[in-house]
Amino acid sequence: MAQKRTSRTSTSLTAVHNGLSITAHRSAGSVLLALNLAERPTDDFAGFAIKRTDPKGKSSFLLNRLNFKNAITATTAPEDREYTPSDKAPFQKFRWVDFPPDLPPDAPEGRYTYEATAMHFKKSGGLQAGESVSLAFSPAPEELAKFDFGFTRGFLSSQAYATRFKNAPIRPAGDKDIDFSTAEFEKRYEWLGFKARRMLFDFLAEAAADPTLMVDLFAYDLDEPDFIRELQKLGPRLRAYLDDATLHTKSSAVEPEAKSRLTASAGAANVKSGHFGRYAHNKVLILKKNGKPVKVLTGSTNFSVRGLYVQANNVLVFDDANVADLYEQAFEQAFSNAGNNASKFRQSPIAAGYFDIARPGVPKFGVAFSPHSDEAASLNRVFDAIGGAQSSVMFAIMDLSGGGKVLETIRNLDATSLFYYGVTEDSGGLSLFKPGSNKGRALPFSYLQSKTPPPFKAEVAGGSGQVVHHKFVVTDFNGVSPTVFTGSSNFAGGGEKDNGDNLLAISDRGIATAYAVEAVRLLDHYHFRASMKSATKVNPLTLDDGTGTKRWWADYYAAGAIKQRDRLLFSKV
């Protein structure tokens, strides 16, 4: 019997036994489980069963949305869909994203155990277990005492929300308002906002609890009632710089009312607005103690109902005075020159390019503040990282149709030399790969809006606007130089010259891996929904029962195929 071996990095864990491996990649509250068989499977290979054991010793098999008996088509109603334990309906793919229930952010290593088993068809019918391998793993971050990050769930339009909350609304009916009680919506908000929401309100709670603390706010969309109420509690301890572009000042916008309330609580001198050349697009909170910046929250998440509870977004917090001071310099530059102040900001030292940080407790990273005189000041680093990627480029970007060389490069990535995987709401020429091809995967959300299969018609969309609102690119997440680029920037050349934004370049394997898992999570969710649309009674979605001429796993072992590279990439640490 071959010896079982376990290897570990700061972000991933792999266990191997007799050629079967399971690799776990951590993210914020989720785990990507990558499975691999070193040798090409035998024809009777049915797939993988995965059993999860919680901290109290309770075990259960992860559930599969497909099985051998109940075929799913575009007309299958949600109530007719059956979730089957994976020992009875093995996963016929080489990776799976799991959300361990009730996992606290600071869970110790080894909190959950995952056991993967290779399942085989018996000649007499049914299934039998083959080799198994297990590992203990927790998504808890390590060694970054002064940094944290989190994601919204981004699954308002999902069978999970429909099942859990019966498609209940996320705000009262009628015109948008900021004056409603959120008590009715609290459980929905907690689930949809996920870790990002907790981080945001924890930040504000810290400020409210200490009268020596002040908050400086950059806000674009601003309509989350509880967020606004928490800001009002700060009184004159708040300063705010709000976007005043047309979409936030027109008659149907609620941002003018939010500004009016903050002006009343904080004082007119403490609340200003502007839009640089186009938008004041930052989403930032800066915590100051006795007037000195000590902590900062940033990311892609607008302080709005839609930003937190509809869209897929991210939040980052740096509990470091040096980092907070950089954001404070950007705030002061904007606040002291309120209005259309793009020209003055471009000429200021804070807009010159990246400020690189290497300090204990925070990841190695650089941050650039726009608008810049030249988009190259911030985008060249992204462009160079994509161009130098050795194995993979992963992304979730709100819109790929903008200008500039970064978005152009992503639109034209060559999947014959790289594995690339991403989701966007842009519909410009992106498509799903076909099995066995070298075409990478990038799924436009607009496709789903117009072609969502009938069982999903009942899902709520949360109103008009973006759903995939993330702005991140990850290069070589498990390679030699993993990097994630994120922040409020849309990576468009025009935006970097006209918008108030911040763009971070984080060189940390753990964080890059977490964002790569987030890209996989989103695209796989929407890819399954898109697959439903093309499923017919003749070609339904069902598990391969091993009787056909081609095995489900064949493309995963076909030299050069995208699925082969998928299998090998994620099983590597």
**Request:** Straight distance only, please: which aspartates and glutamates reach the Cα of K88 with their own Cα at less than 17 Å, same-chain residues fewer than 8 apart left out?
**Result:** D44, E115, E131, D544, D545
**Message:** Assuming 0.36 nm per residue, please report the length gained on full extension of the stretch E257 to K572 beyond their Cα-Cα distance.
**Reply:** 108.2 nm
**Request:** Output the peptides 376-384, 62-70, 221-229 sorted from most to least packed, where packing is the average of other Cβ atoms within 10 Å over each peptide's residues.
**Result:** 221-229, 376-384, 62-70
**Complete:** Rounded to two decimals, the Rg over Rh value of the range 286-422 from Cα coordinates and the Kirkwood Rh reads 0.99
**Request:** Can you sort E39, E408, E375 by 1.4 Å-probe accessible area, starting with the largest?
**Result:** E39, E408, E375
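The values are calculated or read from the model by the stated rules, or taken from the named source; none is laboratory data. What you see is a predicted model, and the numbers here were worked out from it, not measured in a lab. Because the Cβ atoms are built from the backbone with ideal geometry, glycine has one as well, and the counts that use them run over all protein chains shown. The protein model used for the area step is the full one, side chains on, heavy atoms only, and it has no ligands, DNA or RNA in it. Shrake-Rupley method; radii C 1.70, N 1.55, O 1.52, S 1.80 Å.
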